[in-house]
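Asker: Before we start, here is the structure in question, set down as structure tokens.
The values are calculated or read from the model by the stated rules, or taken from the named source; none is laboratory data. All values derive from a computational prediction rather than experimental measurement. The accessibility values were calculated without ligands, DNA or RNA, using every heavy atom of the protein model including side chains. Shrake-Rupley method; radii C 1.70, N 1.55, O 1.52, S 1.80 Å.
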Amino acid sequence: GVGPSDASPDEGVVEDLPLIDEKAVEQLTEGLISHYLPDLQRSKSALQELTQNQVVLLETLEQEISKFKECNSIVDINALFSEAKHYHNKLVNIRNEMMMLHEKTSKLKVSEINI
């Protein structure tokens, strides 16, 4: 058989609810919103400020990174100049040797002619 314990626990609940007062719901909603809205607005403005600060920070970091890149390129240029100086010195030495060899060969030719 069907006893009282077999009945649904929700049965009869809807009929027990009083009629909902729309004005009361509206006032409760406004009260709830007015309670939480100032905190939410402060949080929103704090987040906006944080986001702006992050943008500024990112721009500053990008500028610093570009400065480091410039420094590295300056180091590369300095290395290139010192290498160029090294090879210039080699060329000067080779030219001096060639001039000295030219003088010696010229003297040898003169001495051969005199023999």
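Asker: Please go through the range 71-98 and pick out each residue that is open to solvent by less than 100 Å² (accessible area, probe 1.4 Å) and aliphatic (A, V, I, L, M).
Answerer: Ile74, Val75, Ile77, Ala79, Ala84, Val92, Ile94
Asker: Looking at this structure, is Glu59 of a type outside the set (A, V, I, L, M, F, W, C), open to solvent by 90 Å² or more (accessible area, probe 1.4 Å) and in a helix (DSSP H, G or I)? So that I can check it myself, show each step before the final result.
Answerer: Numbers: of a type outside the set (A, V, I, L, M, F, W, C): yes; open to solvent by 90 Å² or more (accessible area, probe 1.4 Å): yes; in a helix (DSSP H, G or I): yes.
For Glu59, the condition - of a type outside the set (A, V, I, L, M, F, W, C), open to solvent by 90 Å² or more (accessible area, probe 1.4 Å) and in a helix (DSSP H, G or I) - is met.
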